[in-house]
1. Are any of the residues in the range 49-69 open to solvent by less than 50 Å² (accessible area, probe 1.4 Å), farther than 24 Å from F160 by Cβ, in a strand (DSSP E or B) and not acidic (D, E)?
2. Do we find a residue being among the hydroxyl-bearing types (S, T, Y) and within 17 Å of I96 (Cβ to Cβ) anywhere in the range 28-49?
3. If N41 satisfies every condition in (1) in contact with an Asp or Glu (Cβ under 8 Å, 6 or more places away or on another chain); (2) of a type in the set (S, T, N, Q); (3) closer than 20 Å to F170 by Cβ but one, which is the exception?
4. Which condition number in (1) open to solvent by less than 10 Å² (accessible area, probe 1.4 Å); (2) assigned to a loop (DSSP other than H, G, I, E, B); (3) touching a residue at least 60 places away in the same chain (Cβ under 8 Å) is the one that F116 fails?
5. Could you look through the range 1-36, keep only residues that are among the aromatic types (F, W, Y) and more than 17 Å from the chain's Cα centre (by Cα), and pick out the one that is farthest from I115 (Cα to Cα)?
6. Tell me yes or no: at least one residue of the range 7-19 is open to solvent by 20 Å² or more (accessible area, probe 1.4 Å), out of contact with any strand residue (DSSP E or B) (no Cβ under 8 Å at 6 or more places or on another chain) and β-branched (V, I, T).
7. Looking at the range 130-139, which of its residues are farther than 22 Å from F170 by Cβ and either of a type in the set (D, E) or open to solvent by less than 60 Å² (accessible area, probe 1.4 Å) (or both)?
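The values are calculated or read from the model by the stated rules, or taken from the named source; none is laboratory data. Fair warning: this is a prediction, and the values are worked out from it, not measured in the lab. Every residue, glycine among them, receives a Cβ derived from its backbone with ideal geometry; neighbour counts consider all protein chains shown. All accessible areas refer to the heavy atoms of the entire protein, side chains included, with ligands and DNA or RNA removed. Shrake-Rupley method; radii C 1.70, N 1.55, O 1.52, S 1.80 Å.
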Amino acid sequence: EEVDYWSELVEIMNWGEEHVYSTFYICWGAQAGLYHHFGINKSIMDEKLFGVYEHDIYNDRPVLLRGFDEVFNMPQSRHTKVHAKDIEKIPELEIIANSKEAGVSIVRSRDKRNIFIMGHLEYDRMTLAKEYERDIKSGKDIKIPFNYYPDNDVNKKPVFVWRAHANLLFSNWINHHVYQGTPYDLTTLRNIPDSQI
């Protein structure tokens, strides 16, 4: 709540609850959404989680992750996390992907209307490299992104090992959670007057 735009963000999240069938929250936005909608606080980590990490799928292949391999890679770049135990206390939420190193990474509401992604499947091949270079130039004490550069050599081109899963994730969300899930008459969501749609 300390960020300058918190009240505006709350307005947007509340508007989305009334006017959008499914909302996708990413990274800090995911943590903000979990806090706003479910009261789940984030925790600061000892050091930045930064690199490409393996993730396991929970919940027997949810449709959001249809076509994913049993283990998939996802970039992470954050200083904070949410704890599985805090999410598991909320019956409306389910963890659908987790990582030994990165922790909880994909959470959704059981009604499939809110998706919370702690990582960055939307990143392109060079995004972590640009973040790393930016932090080095600004004098920050930062490690080379984990599992990103071949042989940990910053002069080698990173391998884009998450692209297929990123495409699947966004396609599945649009198709199964938005297109097929959104009712023809949005006023049925929460008795919204036609004039507000």
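1. No, there is no match, as no residue in the range 49-69 is open to solvent by less than 50 Å² (accessible area, probe 1.4 Å), farther than 24 Å from F160 by Cβ, in a strand (DSSP E or B) and not acidic (D, E).
2. no
3. So the condition that N41 fails would be (3).
4. Tallying (1) open to solvent by less than 10 Å² (accessible area, probe 1.4 Å); (2) assigned to a loop (DSSP other than H, G, I, E, B); (3) touching a residue at least 60 places away in the same chain (Cβ under 8 Å), F116 fails exactly one: (2).
5. Within the range 1-36, the match that is farthest from I115 (Cα to Cα) is Y5.
6. Among the residues of the range 7-19, at least one is open to solvent by 20 Å² or more (accessible area, probe 1.4 Å), out of contact with any strand residue (DSSP E or B) (no Cβ under 8 Å at 6 or more places or on another chain) and β-branched (V, I, T), which makes the answer yes.
7. Those that are farther than 22 Å from F170 by Cβ and either of a type in the set (D, E) or open to solvent by less than 60 Å² (accessible area, probe 1.4 Å) (or both): Y132, E133, D135.
Residue-wise test of (1) assigned to a strand (DSSP E or B); (2) under 19 Å from the mean Cα position of the chain (by Cα); (3) surrounded by fewer than 16 Cβ atoms within 10 Å (Cβ to Cβ).
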{"residue": "P75", "(1), (2), (3)": "yes, yes, no"}
{"residue": "N98", "(1), (2), (3)": "yes, yes, no"}
{"residue": "R108", "(1), (2), (3)": "yes, yes, no"}
{"residue": "L121", "(1), (2), (3)": "no, yes, no"}
{"residue": "D141", "(1), (2), (3)": "no, no, yes"}
{"residue": "K157", "(1), (2), (3)": "no, no, yes"}
{"residue": "A166", "(1), (2), (3)": "no, yes, no"}
